[in-house]
Ligand code: SF4
């Protein structure tokens, strides 16, 4: 039976995405195949990170015990967990749960999209400011649905310009929700709004990482 490396599980406000502001139960998996400059979960990705091995049934039981219906699978990189589709398949049978998976944009989602009752996917496009742009798998964009989100975390104006280029090139606003978000402390939300106005970016959403305003930006488990 597949066991997954879980570093953290907690209930909090969903800070970003289509369910932002609602309670969600978070399951954070250990390890990531990327190493972004601004990563705020490096502690979950290091080789000696503390984790617990949990089966799909144990993860689902923990989720159901919270009585929270929104579930966010995050990391690290959840799709880097071997056998993750087995967990996603089991979760899809839990009709009362609304499952979202946050993935870094480097992992192909085609197999995931073949599952019945797929989770909603929040797919990052890592811009140059992350140092990881060359790993982005843009072939994922053909599998997007309205319940999915592509998120651009911007460090500077160059990132914003590239985000606009990708949004236009792949016609993302017609396929899914699109969010622009700021690397905390690198660019202000006001600068992003100015850019959106200058470029008449209809159907694009500014995303504030709500949990960074509510709690200390470095707080864990919130
Ligand atoms: S993809 Fe996410 S978890 Fe992985 S290094 Fe980048 S910010 Fe950190």
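The values are calculated or read from the model by the stated rules, or taken from the named source; none is laboratory data. Please read these numbers as outputs of a predicted model, since none were measured by experiment. Glycine gets a Cβ as well: all are built from the backbone with ideal geometry, and neighbour counts include every protein chain shown.
Below are the figures for this structure:
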| quantity | calculated |
| --- | --- |
| Flag for residue 155 being within 13 Å of the ligand (Cβ to nearest atom), farther than 23 Å from residue 31 by Cα and surrounded by fewer than 23 Cβ atoms within 10 Å (Cβ to Cβ) | yes |
| Selected residue (criterion: surrounded by the fewest Cβ atoms within 10 Å (Cβ to Cβ)) from residues of the stretch 51-76 that are within 16 Å of the ligand (Cβ to nearest atom) and more than 21 Å from residue 135 (Cβ to Cβ) | 51 |
| Tally of residues being over 11 Å from residue 132 (Cα atoms), touching a helix residue (DSSP H, G or I) at 6+ places or on another chain (Cβ under 8 Å) and within 6 Å of the ligand (Cβ to nearest atom) across the stretch 27-42 | 1 |
| Residue 172 free of Cβ contacts under 8 Å to residues at least 60 places away in the same chain and buried (at least 16 other Cβ atoms within 10 Å of the Cβ) | yes |
| Test: residue 212 is closer than 26 Å to residue 23 by Cβ, surrounded by 17 or more Cβ atoms within 10 Å (Cβ to Cβ) and out of contact with any strand residue (DSSP E or B) (no Cβ under 9 Å at 6 or more places or on another chain) | yes |
| Check on residue 79, under 16 Å from residue 132 (Cβ atoms), under 14 Å from the mean Cα position of the chain (by Cα) and within 10 Å of the ligand (Cβ to nearest atom) | no |
| Residue list for the stretch 171-186, filter: over 11 Å from residue 150 (Cα atoms), assigned to a loop (DSSP other than H, G, I, E, B) and at pLDDT 95 or above | 171 |
| Residue that is assigned to a strand (DSSP E or B), touching a helix residue (DSSP H, G or I) at 6+ places or on another chain (Cβ under 9 Å) and touching a residue at least 12 places away in the same chain (Cβ under 8 Å), where the choices are 89, 8, 16, 94 | 8 |
| Test for residue 192: is it in contact with a strand residue (DSSP E or B) (Cβ under 9 Å, 6 or more places away or on another chain) and within 30 Å of residue 8 (Cβ to Cβ) | yes |
| Subset of the stretch 97-113 [part of a loop (DSSP other than H, G, I, E, B) and either within 13 Å of the ligand (Cβ to nearest atom) or closer than 17 Å to residue 140 by Cβ (or both)] | 104, 105, 106, 107, 108, 109 |
| The stretch 35-50, residues that are surrounded by 15 or more Cβ atoms within 10 Å (Cβ to Cβ) and under 12 Å from residue 5 (Cβ atoms) | 44, 45, 49 |
